[in-house]
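Data first, discussion second: the structure below is written as structure tokens.
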Amino acid sequence: MYQHQLHQQINQCVKDKDFPEGDAGILFHTRFIANGAAIKALYDEIYGSHPKAAESFGRLLSIITRGFIDRPDAMKDGDDEKLDQGHWFLSNSITGMSLYVDRFCGTLTDMESKLDYLRRLGVNLLHLMPVFESPPNESDGGYAVSDYRSVDLRFGTLEDLRRLRQHMSDRNMFLMLDIVVNHTSHHHEWARKAKQGIEGFQDYYYMYGNRDLPDRFERGMPEIFPESSPGNFTYCKEINKWVMTVFHNYQWDLNYTNPAVLLEMLDTIFFYGNLGVDILRIDAPAFIWKQLGTTCQNLPQAHTLLRLIKQCVQVAMPGMAILGEAIVAPKEIMKYFGTGLFTARECDLAYGATHMALQWDALATGDTRVMLAAQHEILQKPYGTTWITYTRCHDDIGLGYDDYMIQHAGFDPFQHRKFLMEYYSGVYAASPAAGALFSVNPKTNDARISGSLASLCGLEKALLSEDPAAIDRATGRIIMMQAHSFLIGGIPMIFYGDEAGYTNDYSYLDDPGKSYDNRWMHRPVIDWERNKRIDDEGSIEGRVYKSTRRLIAIRNKLPMIADAKNLTWLTPHNIHVAGYLRTLEDRRVYCLFNFSDQQQSLTWQVFKEHGAISERLLDHWSQQEYSLGANYESMVLAPYQFIILEPQPTS
Ligand code: GLC
């Protein structure tokens, strides 16, 4: 719809003296006009009645234009290529790794020499955990940012980051970085100015002169770190005010009712985009809008802000995809892909946190029913969006799926979660797992789980007991868990160290900046001497590495693994086995996983459930060929075995 005033404003923007001539400029102008009305409507929903609404909107349009003008030509070309491909991030040939530069190898410059290690494994997307300035002992792993535009000295400089990006481009690698939108460090310039009482800066945060409003807010707000940082407000003695701090007490929540905050963030988003970011991870978006009387999570305005950001990014740098890090209830996660008119127009990607936790549920119980009970909701994800699939990341594992999913399998939700917590924290004696409870909340009996993939799968205890059979079982679990998440659709994100079977690293206990947070136990320091063992196939490192690499290679060659909303759950008639069918045109692949420590049988019926298929099936994992027999014949899966079966053409 033509909106005279708005379109005049947009036309004015492209008259900027630096605006590029030629096709790129024309395309930008077209996108701007096409998305302009949506941008205006979303903006007005939040800021329409703000006294500075009009002035700030004008600035927003200039920021979008500047973001595009500053975009290097090679990135503009990259945008066009991605647009031509359409939904480039759904591909089956992208695999990521998430890592802390300092713990992985040292600095951004050192990282250059590790790119070949990643490429050899098959990783072509690098998620650098936060590298921007953050106070050493109050850093939350870099998620307490004190300067969004300076690289922290311990990693190097902005120039080093740019050079690394160039080396990555030379190897056809994608880059993912975080933007921490919900809060800043209390050492950020805005917070420092707020502490000095400089006009305007206290409006960047939520600050109150007494406990009245904080107490009222607290009634609805859950605590995120009840052990290390209880409550949601922190007293600031410099100004004698209570500041909202939902995460740690040194992370001050930003106030998005102030349009200046949104504009600052948008400008920073474009700055990151122009460093060459392909996937922008928006940290903790569920928290960005606060409203008295609510939990201050997942509010509609948070979605409006994300949609607004997405529309602006689509105009200025359409090749950059948006990942929403919303680790919330299953139904709520889904909303970050957009709803109604904005379906598939909010975040392009979200973490498959529900499925991740459910895989751990199935592994502990050897029973896949709770995992399956959740799938009808997970399958609601709209076409054109996808998951980051993962087994472990830098954060804890939360058992936040719904009670009814647990009840569906016949378990009591409270007892079931208690069992899982005891199983993974090592309280339950028969458990092979070595992890710990994170953020125990005695008021709600809630807790999450820390621990590395290998330790939670039993490798740490198995190595201690020097029991070869237990070591085999543990490596079997590790690979099966990875396979399940690599093949389900979405971009697999490996957490560094997991490719070589790293167990928990307890050195964090000696560091006062980390010892209060046991998530550091699963954020290892890589020992490159030890990593040389990846070439020794007899070593644990070699076994895990080789299997991980093979899984990536298999994924890359099977186009039906791309996420085209092409997944159907199978009915294996065996609660210990989960399986899904992935299809693309006339190609299919049946992926089946035995989550139990016992041998399990399947009837061939499972392969006939979705229409007749060829009698010959090849398991891409073992390279073994199977022939489809009569229904009563069964197929046997060893403990933790999985198969990736593709029907073969009949000769
Ligand atoms: C995200 C990060 C987590 C951090 C939190 C606060 O959830 O993944 O590590 O503690 O945000 O920034």
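Tabulated results
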| read-out | value |
| --- | --- |
| Net charge of neighbours whose Cβ lies under 14 Å from the Cβ of Ala194, counting Lys and Arg as +1 and Asp and Glu as -1 | -1 |
| Length-normalised contact order for the stretch 185-253 - Cα pairs under 8 Å, 6+ apart - percent | 33 percent |
| Theoretical FRET efficiency, 1/(1+(r/R0)^6), r = Cβ-Cβ of Tyr383 and Glu466, R0 60 Å, to 0.05 | 0.75 |
| Under the span-like rule (Cα at least 15 Å along the axis, Kyte-Doolittle mean at least 1.0), DSSP H helices of the chain | 259-273 |
| Alpha-carbon centroid distance for the pair the stretch 177-205 / the stretch 119-143, whole angstrom | 22 Å |
| Filter on Lys114/Lys310; Lys193/Lys241; Lys418/Lys443; Lys193/Lys237; Lys381/Lys608 - keep pairs with C-alpha separation over 21 Å | Lys114/Lys310; Lys381/Lys608 |
| Cβ-derived FRET efficiency at R0 60 Å, Ala612 paired with Asp16, nearest 0.05 | 0.45 |
| Charge dipole (debye, nearest 20) of the chain; +1 at Cβ of Lys and Arg, -1 at Cβ of Asp and Glu | 740 debye |
| Amide proton proximity set for Thr603, modelled H, under 5 Å, gap of 5+ | Met635 |
| For the stretch 77-171, size of Cβ-based charge dipole, Lys and Arg +1, Asp and Glu -1, in debye | 360 debye |
| Accessible heavy-atom area order of Lys557, Lys546, highest first, probe of 1.4 Å | Lys557, Lys546 |
| Area accessible to solvent at His167, 1.4 Å probe radius, in Å² | 60 Å² |
| Probe 1.4 Å, accessible area per residue of the stretch 545-619, Å² | 40 Å² |
| Relative contact order of the stretch 566-647, pairs being alpha-carbon contacts under 8 Å that are 6 or more residues apart, as % | 33 percent |
| Alpha carbon centroid spacing (whole Å) that separates the stretch 505-540 from the stretch 380-435 | 24 Å |
| DSSP-defined beta bridges in the chain - what % are antiparallel, rounded to 5 | 60 percent |
| Two-decimal log10 I(q)/I(0) for the stretch 346-458, as the Debye equation yields it once each C-alpha is a single scatterer, q = 0.12, 0.20, 0.22, 0.23 Å⁻¹ | -0.42, -1.12, -1.30, -1.38 |
| Contact order normalised by residue count of the stretch 257-393, Cα under 8 Å, 6+ apart, percent | 21 percent |
| Surface share of carbon and sulfur [accessible, 1.4 angstrom probe, percent] for the chain | 51 percent |
| Charge-dipole axis of the stretch 433-479 as Lys and Arg at +1 and Asp and Glu at -1 on Cβ define it, positive-most pick from Ala454, Gly435, Ala470 | Gly435 |
| Extension reserve of the Ala37-Arg550 stretch, reckoned as 0.36 nm per residue once the Cα distance is removed | 179.9 nm |
| Cβ-Cβ FRET estimate between Glu45 and Tyr516, R0 fixed at 41 Å, reported to 0.05 | 0.55 |
| The chain - mean residue ellipticity at 222 nm from DSSP helices (-39,500 (n - 2.57) per run, n ≥ 4, rounded to 500) | -11000 deg cm²/dmol |
| Three-way shape label, the chain, alpha-carbon gyration tensor, a/c 1.5 | prolate |
| Heavy atoms of Asp348: accessible area, 1.4 Å probe, square angstrom to 10 | 10 Å² |
| Cross-link reach list, lysines versus Lys17, counting only Cα pairs under 23 Å and skipping chain neighbours closer than eight places | Lys76 |
| Extreme residue, positive dipole direction of the stretch 566-647, given options Thr603, Leu584, Leu637 (C-beta unit charges) | Leu584 |
| Heavy atoms of His87 accessible to a 1.4 Å probe, total area in Å² rounded to 10 | 90 Å² |
| 5 angstrom amide H check on Lys241, placed H, neighbours 5+ away | Cys236 |
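The values are calculated or read from the model by the stated rules, or taken from the named source; none is laboratory data. Keep in mind that this is a model prediction, so the values were computed, not measured. Because the Cβ atoms are built from the backbone with ideal geometry, glycine has one as well, and the counts that use them run over all protein chains shown. We work out accessible area using only protein heavy atoms, side chains counted, and drop any ligands, DNA or RNA first. Shrake-Rupley method; radii C 1.70, N 1.55, O 1.52, S 1.80 Å.
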